[in-house]
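Quick notes on the structure that follows.
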Amino acid sequence: AQTVTQSQPEMSVQEAETVTLSCTYDTSENNYYLFWYKQPPSRQMILVIRQEAYKQQNATENRFSVNFQKAAKSFSLKISDSQLGDTAMYFCAFMGTNFGNEKLTFGTGTRLTIIP
Amino acid sequence: DAGVTQSPTHLIKTRGQHVTLRCSPISGHKSVSWYQQVLGQGPQFIFQYYEKEERGRGNFPDRFSARQFPNYSSELNVNALLLGDSALYLCASSPGTYYYEQYFGPGTRLTVT
């Protein structure tokens, strides 16, 4: 079974600063997908960024980028030029590619607060 | 295009009762998954359905059941409610089994008293 660990329950940074959220995972699969989801107080789970394990290049989406270290099973999220709207819970998630295992396994989340 | 919709938004039930939660996927999506999110935790996988067939089941008791209809909408049923069933229930849809992006609905907040 896969596990996802987020060791930072809470973080806060000043607006416009850069922040990095940590995530480690454990799996015996070779091909899989990793995700970062954002859940603001409105509760809607929003996909921030996705990384395919077979791709060596780190994914980037505007101010959001990841540092994917497959051997270390590490998948951190960097938010540059942080904005007040980035305040939310952030969840790291894993999805396998084997039949019947296309489900998301989530970490416990990191509560990020952007301070004006 | 409309996103994933869920109903009701909020629900209060008494222990021992039964509840039905509903989900309509994004148009054209054939896969629906259900997750339970207890306050302060990450979502936990309950079920996945694809083309009306159960494709995956999480570690939940038999009190939890689900089904998918020909129009790909889905229902999650929970019998004999317990206080511990109080949670946010999230539905997610995806185009098919080999699409690895799931799109979430706003959730149903269930409170069991």
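The values are calculated or read from the model by the stated rules, or taken from the named source; none is laboratory data. Here the structure is a predicted model, which is why all the values come from computation and not from measurement. All Cβ positions, glycine included, derive from the backbone under ideal geometry; neighbour counts span all protein chains shown. For accessibility, only protein heavy atoms count, side chains too; no ligands or nucleic acids. Shrake-Rupley method; radii C 1.70, N 1.55, O 1.52, S 1.80 Å.
Numbers below:
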{"read-out": "Unique match (being part of a strand (DSSP E or B) and either surrounded by 14 or more Cβ atoms within 10 Å (Cβ to Cβ) or modelled with pLDDT under 95 (or both)) among B:Y72, B:Y89, B:Y98", "value": "B:Y89"}
{"read-out": "Any hit, the range B:35-44, residues being under 25 Å from B:A2 (Cα atoms), in contact with a Cys (Cβ under 9 Å, 6 or more places away or on another chain), in a loop (DSSP other than H, G, I, E, B) and among the hydroxyl-bearing types (S, T, Y)", "value": "no"}
{"read-out": "Residues satisfying the stated conditions in the range A:1-24, i.e. part of a strand (DSSP E or B) and under 19 Å from A:R63 (Cβ atoms)", "value": "A:M11, A:S12, A:V13, A:Q14, A:V19, A:T20, A:L21"}
{"read-out": "Residues satisfying the stated conditions in the range B:4-25, i.e. outside any strand (DSSP E or B) and either of a type in the set (K, R) or within 11 Å of B:C91 (Cα to Cα) (or both)", "value": "B:V4, B:R15, B:P25"}
{"read-out": "Any hit, the range A:66-78, residues being open to solvent by less than 50 Å² (accessible area, probe 1.4 Å), assigned to a strand (DSSP E or B) and not hydrophobic (A, V, I, L, M, F, W, C)", "value": "yes"}
{"read-out": "Residue list for the range A:81-104, filter: over 18 Å from A:I46 (Cβ atoms) and either open to solvent by 10 Å² or more (accessible area, probe 1.4 Å) or facing chain B (nearest Cβ under 7 Å) (or both)", "value": "A:D81, A:T97, A:N98, A:F99, A:G100, A:N101, A:E102, A:K103"}
{"read-out": "Any hit, the range A:36-55, residues being over 16 Å from the mean Cα position of the chain (by Cα), under 18 Å from B:L88 (Cα atoms) and more than 8 Å from chain B (Cβ to nearest Cβ)", "value": "yes"}
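Here's the yes/no breakdown for (1) among the hydroxyl-bearing types (S, T, Y); (2) open to solvent by 70 Å² or more (accessible area, probe 1.4 Å):
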site	(1), (2)
A:Y25	yes, no
A:N31	no, yes
A:W36	no, no
A:P41	no, yes
A:E52	no, no
